[in-house]
1. Could you estimate the translational diffusion coefficient of region 2-157 from the Stokes-Einstein equation, with Rh from the Kirkwood formula over C-alpha pairs, at 25 °C and 0.890 mPa s, in whole µm²/s?
2. If I take R0 = 45 Å and measure r between the Cβ atoms of Arg117 and Ala13 in this structure, what FRET efficiency does the formula 1/(1 + (r/R0)^6) give, to the nearest 0.05?
3. For Ile29 and Cys135, what is the calculated FRET efficiency with R₀ set at 41 Å and r taken between the beta-carbons, to the nearest 0.05?
4. I need the phi-derived Karplus couplings for region 120-130: 6.51 cos²θ - 1.76 cosθ + 1.60, θ = phi - 60°, integer Hz, Gly and Pro marked x.
5. If neighbour count is taken as other Cβ atoms inside 10 Å, put Thr24, Thr31 in order from fewest to most.
6. Hey, rough spin-label estimate for Met62 and Lys151, points 7 angstrom out along Cα→Cβ, what's it come to in nanometres?
7. Could you work out how much longer the chain between Trp3 and Trp74 gets when fully extended? Use 0.36 nm per residue separation minus the Cα distance between them, nm to one decimal.
8. Could you compute the net charge surrounding Leu44? Neighbours are other residues with a C-beta less than 14 Å from the C-beta of Leu44; K and R count +1, D and E count -1.
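All of the numbers you see were taken from the coordinates with simple rules; none came from a lab. Note that the structure is predicted; figures quoted are calculated from it, not measured. Cβ sites come from the backbone with ideal geometry, for glycine too, and all protein chains shown count toward neighbours.
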Amino acid sequence: MLWTLLMIAAAVALDQWTKYLAVTHLQPIDTLPLIENILHLTYLENRGAAFGMLANHRWIFMILSTLSILLLLWWLLKEKPKSKWITVAGAMIVGGGIGNMIDRVAYGYVVDFIDVRAIDFYVFNVADSFVCVGCGMILVWTLYMEMVAKKPAFDILLGIEPKKTENTENTDAAEAESNGETDNAGEDSAEETTHES
């Protein structure tokens with residue numbers, strides 16, 4: 001649990017630090033081209049959701065984000081996923097959500113600055129990146145479990161014990177029967193030894 005909280009704190013700290021740098025250095029100059037017309041650092045005040053979608057709906061996103069963050073954090077701390085991959089992914093999503101929530105509460109908008117102009121994409125920030133990468137990690141893990149490992153991914157995430165198949169039940173019954181026969185053989189051998197004595 002401690003490592004999970006530390007990862008969340010690190011994600012929030014990195015997000016807030018980069019936003020501080022954006023406000024301090026980018027706001028006065030508007031944009032800084034790292035690679036001309038491909039990758040810029042551009043100061044933007046986003047009053048909507050991730051990537052600027054549905055702007056000017058601050059309270060809706062604050063409520064939804066808060067509920068989502070609390071639910072995911074509760075799940076991480078309660079279930080304590082055995083997969084480190086899932087733990088890291090969940091911590092990234094929670095950390096990114098908290099990072100953007102701090103902006104919405106403190107300023108009424110989120111500071112964005114990563115501007116990928118090569119594909120004409122939305123301007124975003126480190127918190128958005130954490131959330132997207134975390135969701136992508138969970139998607140990859142789910143596909144792997146379902147398609148390669150042949151295990152029920154969502155049951156594992158929710159801590160549900162997998163149901164025994166008919167083959168598994170037959171195997172268990174055969175093992176129990178075999179163990180019973182072994183025990184009986186041992187008892188018969190002991191009785192024969194006693195009679196001979």
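1. 148
2. About 0.95, to the nearest 0.05.
3. 0.80
4. So the Karplus estimates, Gly and Pro as x, are 6, 9, 5, 6, 9, 9, 5, 4, 4, 5, 4 Hz.
5. Thr24, Thr31
6. In this crude spin-label approximation the distance works out to 4.2 nm.
7. 24.1 nm
8. Residues near Leu44 contribute -3 overall.
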